[in-house]
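Taking it in order: structure first as structure tokens, then the write-up.
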Amino acid sequence: MKQNRLLKTILLALACALLFCACAMAEESYENCTLTFSLPSGFYPEAQELSITCDADDYLIYYTTDGSIPTEDSQILDYTLELEDTTDLPNVLSAIGGTCPDELYIPEHNVMKAHVIRAMAWLPDDTFTPVYSATYWIGADREELYGDLPIVSLIMDADDLMGYENGIYVMGKAYDDYMAEDGRKLDAWDYPANYQARGREAERPVAVEYLPAEGEGFSMDMGVRIKGGASRSYNAKSLRLIAREEYGQKAITYPVFDNNQREDGNGLVEKYKSITLRAGGNDVRFAVIRDPLIQKMATGMRFTSQATKPCVLFINGEYWGVKTITEEYSDNYIQYNYDVDNKNVIIMKNGKLEEGEDEDIALYEQMYDFITQNDMTDPANYEAACEMIDMDELVDLAAMHLYIYNEDGIFESNNWQMWRARETDDSNPVADGKWRFLSYDVDFSSGVYEGGKTHTFDNITPVLLTKEEYEGRHTGVMIQALWENPDFRQKLLTALCDARNIFFDANRFAEIFGEMRAEYEPYMPETFRRFGPNWIASWDPAHYYGEKLDEINVFFGLRHKNFPYLMKKVLRLSEPWDLTVFSSDLTKGTVLLNGRPLDEFLTREQGFTGMYFAETPVTLTAVPADGAAFAGWQADGCIPEDASAATIQLTLTEATSVTALFE
């Protein structure tokens, strides 16, 4: 009996040990199980069979085809999925109206569609794998349809987007509640609506696939929100995508933008916390490209601008039009671009704290109150203001807004952001406690609502020369106060000339505009057919869009021609004169104009040509290449005080030509 009991004890212990090992092995085995789709997301010319497998010994695949997260109540995949052409299938999300209070537009045609598959596996230990997502276009030629544009596929629960109660894209319950309780007629952008919700409560989970025309893309789970102000009320809305650890990854670690240099010049941007799929803002029913065009034109000016690129968007497999992928400002953006710890970053947006701590508002208010409540003609006060603000960034931003005739920017105390480091860091030149400026949303400009016909309009007098009564801490008041200082005034006048002569140079504009026109024009008509308005979609979207692009071309062409004479008239300046600059040999050296490189202009046969006033002295600096030497200046029309000095200042009283001689 004792032997039997001993044998039983040994056998029981052995069984427990084996069971423990089996459980441990099962835990180790199942913990990292993954799914494999037999086909990568993409375009296929013919019908396909899709199989989904798991690297576990035993499993069940649950899947959905409507964008929702699979559950145990979802379909079980027995064999393979047959993927066929979906062109003739009825619209689903696109057939839902109620996205715009001033127009009901639903496309009459079947929009382009793809299969969206979401799947997870049940495992023997009664756990589930993560959800995997993929998108398949069948019977479609990607190059023929979308050329080189990247594709962005968003997959999400349809109710999160278009649902009456919680859908973030529709007017929904919030609008109906307002109409039932109040019902007064408002401007379209002022109506309460589901899409007006902001913050984390208005964020929904979404699977994101980025598919470039060539090479590998990325796939990750993120959060999505509606982005914008008045533009939220349009049928075509901007969407902000946000990476968070709770979704899986803290940041996008993929080169979304080609050769996107960090703002501090130290290599390429390697991470993005968030990006926006921008519909066009104020330009959404017109040319759409104003903001990305101007951002690209302004690259190199002394404020921060956003990288952009066009893409084609699909949501739950339905065509959602051409959007512009745009960098998103945040404390993480500052860290990724300037190496300032994001916890040490303060961002003010339109006078409100965007990033930082509540007490940081006082730092902004102290700066603003000092500038607006003290005499800025006093050199000591102005010097103190220069310790609070990076004046070079401010004058460049103000100059750009004036040149493009932005009617909804820093002079209107809207669509502006400024940032600073809370605690200074001597090792980082931008962590000096000065406020710096971020440019965005500049499409209420260049005559967007006037067909580009505002190129001769005086938008300088109302904001610089006329004292207005503004409410609150209005940025226009701050700039008017600084304008009283002669040093600031000369800085801004020179920056206005530089904006026109360098960044919005006619030839430079023609080149960049031509490139962007080629990127957008072939694909925008279908976007108008998808989102309207009705009168455009039912007319000739291609012709209409071409006209809207032509209006941009007219504005910037004639703005360049007329702007010096507008400055002369309203600012009471002397005659503007042509300044022409050459390098004797670009392989041996180049030239800086007011600290700005002229390399791309000096490659032209005609060199650099711009117009300046006697009131805007220009500074030229010769920069010899390695192994070369600067040999002096050769001038015609103006004699430098010291023609052998590498840096000279010229006051123009007639047309002047200057050549930097290198040997």
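Odds and ends about this structure:
- Gyration tensor (alpha-carbon) shape descriptor, the range 491-627, a/c threshold 1.5: oblate
- Across the range 109-197, the relative contact order, built from alpha-carbon pairs under 8 Å that are at least six residues apart, equals 18 percent.
- Of Pro576, Leu661, Gly265, farthest towards positive along the dipole that unit charges on Lys, Arg, Asp, Glu beta carbons give the chain: Pro576
- In this Cβ point-charge picture (+1 for Lys and Arg, -1 for Asp and Glu), the chain has a dipole of about 500 debye about its Cα centre.
- Relative contact order computed over the range 504-663 (Cα-Cα under 8 Å; 6+ residues apart), in percent: 21
- Remark: spin-label model distance Ile76-Glu521 equals 5.7 nm, labels positioned 7 Å along the Cα→Cβ axis.
- When the charge dipole of the range 131-185 is built from unit charges on Cβ atoms (+1 for Lys and Arg, -1 for Asp and Glu) and taken about the Cα centre, the candidate among Leu145, Ala158, Ile168 whose Cα reaches farthest toward its positive end is Ile168.
- Solvent-accessible area per residue for the chain (1.4 angstrom probe, square angstrom): 45
- Taking Cα centre as origin and charging only the Cβ of basic (Lys, Arg, +1) and acidic (Asp, Glu, -1) residues, the dipole magnitude of the range 356-500 rounds to 620 debye.
- Contact order for the chain, expressed relative to its length and based on alpha carbon pairs under 8 Å spaced 6+ residues apart, stands at 9 percent.
- Using only side-chain charges placed at the Cβ, +1 for Lys and Arg and -1 for Asp and Glu, the dipole size of the range 236-317 relative to its Cα centre rounds to 220 debye.
- Cα point-scatterer Debye curve for the range 154-248, base-10 log of I(q)/I(0) at q = 0.17, 0.18, 0.22, 0.26 Å⁻¹: -0.77, -0.83, -1.10, -1.35
- For the chain, with +1 on Lys and Arg beta carbons and -1 on Asp and Glu, the positive-most of Pro522, Ala643, Ile61 along the dipole: Ala643
- Whichever lysines have a C-alpha closer than 16 Å to that of Lys343, once near sequence neighbours (fewer than 8 apart) are set aside: Lys250, Lys273
- The alpha carbon gyration tensor of the range 60-197 gives principal lengths a ≥ b ≥ c with a/c of 1.5 or higher and a/b no greater than b/c, which makes the shape oblate.
- Measuring nothing but protein heavy atoms, the accessible surface of the chain at 1.4 Å probe radius is 49 percent carbon and sulfur.
- The order of the peptides 165-173, 106-114 by mean Cβ neighbours within 10 Å, most packed first, is 165-173, 106-114.
- Cα shape, the range 445-516, gyration tensor, a/c 1.5 rule: oblate
- Checking the Cα-Cα distances for Lys237/Lys453; Lys309/Lys352; Lys237/Lys323; Lys349/Lys491 against a 20 Å cut-off, the pairs over it are Lys237/Lys453; Lys309/Lys352; Lys349/Lys491.
- Correct option for volume of the Cα convex hull per residue in Å³ [calculated from the coordinates] among (i) 186; (ii) 209; (iii) 232: (iii)
The values are calculated or read from the model by the stated rules, or taken from the named source; none is laboratory data. What you are looking at is a predicted structure, and each value in this text was computed from that prediction instead of being measured. Here the Cβ is made from the backbone with ideal geometry for all residues, glycine too, and neighbour counts use every protein chain on show. SASA here: full protein model, heavy atoms, side chains in, ligands and nucleic acids out. Shrake-Rupley method; radii C 1.70, N 1.55, O 1.52, S 1.80 Å.
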